[in-house]
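I have placed the structure first, in the form of structure tokens, so that the comments after it can refer back to it.
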Amino acid sequence: MNGGSSLTGSDNVNIRCTGWNSIYKSGTVMKKQADGEYMLMLIRSRSRVVIDGADMHLPANTLLLCSGERTLECSADECAVVCDWICFEAGDEKDFLDSLELDFDRPVRFADTEFICGLMRNISEEYYSIGARRLKMLDSLMRILLVKISDAGVHRDMTVQTSEPHYGLLIELREKIYRNPQMKWNVDTMAAYVNMSRSYFQHLYRETFGVSCIADVISGKIEKAKEILSETGCTVSQVAAMCGYDNEEHFMRQFKKTVGVTPTKYRKQL
């Protein structure tokens, strides 16, 4: 991730290199940034991240802002690590960066992922453009991005993910949900798994992962269904049963609502 020439200016937040919707094989090691350099990543796939020996399993759409003092290794819980990233320097604007009071080297679940993703895409496109005012544009976009992260209450999200005593159990439960879509998951079963009350569990799950527990159960079932449809010749009825549906029609309705097409059409489009 250290390729590419930098675009610098004395009074700018200087981008060294950037990428949008980048795909890396599992086990990719990001080189340690130089002093004064930072790496901002929006990791869009479920991943395992190791920062200087600290091992973390992260849900999709996790934001990570790394300082130049850390070595970062990413491994995919899925087939590859998918992320948007920006390597940058504060330049003469170190005071501006410090004023935002951002916390570094800790994962964050960002509520407005689409907005952040769009900003990072604009930055990547502008970086590789030949516009006469691209330095000014890049500096403006980076400032908006960093201020947005700061104003969105990043510290509050970080506290939930890193200090919440139940966080490890919630991660374990979420992985179990995705690996066992055939199970009859309901709120009471999931709350009991982490030894919480029903209401507190639902609140904490949404606060931690940005989605409800039931929405995650459905997502896990549909992802598994897509995998089976892609890799096997199983009938729709068989796929429904393998993903924990008692009713084929219910499965087909839920699949179409989530994916946008029926299971049969999805298979034909592959």
Original post:
With respect to the numbered conditions (1) touching a helix residue (DSSP H, G or I) at 6+ places or on another chain (Cβ under 9 Å); (2) outside any helix (DSSP H, G or I), which one is the sole condition not fulfilled by Lys184?
Top reply: (1)
Original post:
Going through region 167-199 one residue at a time, which ones are of a type in the set (D, E, K, R) and either in contact (Cβ under 8 Å) with a residue 60 or more places away in the chain or over 14 Å from Asp216 (Cα atoms) (or both)?
Top reply: Arg174, Glu175, Lys184, Asp188, Arg198
**OP:** Keeping to region 118-135, report how many residues are open to solvent by 20 Å² or more (accessible area, probe 1.4 Å) and either under 21 Å from the mean Cα position of the chain (by Cα) or touching a residue at least 12 places away in the same chain (Cβ under 8 Å) (or both).
**Re:** 7
Subject >> Those residues of region 219-250 which are over 21 Å from Lys176 (Cβ atoms), open to solvent by less than 40 Å² (accessible area, probe 1.4 Å) and touching a residue at least 24 places away in the same chain (Cβ under 8 Å), in sequence order >> reply: Leu229, Val236
Subject >> Selected residue [closer than 23 Å to Asn61 by Cα and modelled with pLDDT of 90 or more] from Ala191, Ala215 >> reply: Ala215
Original post:
For Ala240, are the conditions met, namely being part of a helix (DSSP H, G or I) and touching a Cys at 6+ places or on another chain (Cβ under 7 Å)?
Top reply: no
Subject >> Where Gly210 falls short, out of the listed (1) free of Cβ contacts under 8 Å to residues at least 40 places away in the same chain; (2) in contact with a strand residue (DSSP E or B) (Cβ under 9 Å, 6 or more places away or on another chain) >> reply: (1)
Original post:
Hey, among the residues in region 8-23 that are buried (at least 18 other Cβ atoms within 10 Å of the Cβ) and within 27 Å of the chain's Cα centre (by Cα), which one's modelled with the lowest pLDDT?
Top reply: Val13
**OP:** Starting from region 89-102, take each residue that is at positive phi and list its partners that are not in a loop (DSSP other than H, G, I, E, B), counting only C-beta distances under 8 angstrom and pairs at least six apart or across chains.
**Re:** Gly91/Asn14; Glu101/Ser150; Glu101/His155
**OP:** Starting from residues that are in a helix (DSSP H, G or I) and not acidic (Asp, Glu), keep the ones in region 187-199 and report whichever is surrounded by the fewest Cβ atoms within 10 Å (Cβ to Cβ).
**Re:** Ser199
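The values are calculated or read from the model by the stated rules, or taken from the named source; none is laboratory data. Everything quoted here is computed from the prediction, not taken from an experiment. Note that each Cβ is placed from the backbone with ideal geometry, even for glycine, and that neighbours are counted across all protein chains shown. In case anyone asks, the SASA skips ligands and DNA or RNA and just uses the protein heavy atoms, side chains included. Shrake-Rupley method; radii C 1.70, N 1.55, O 1.52, S 1.80 Å.
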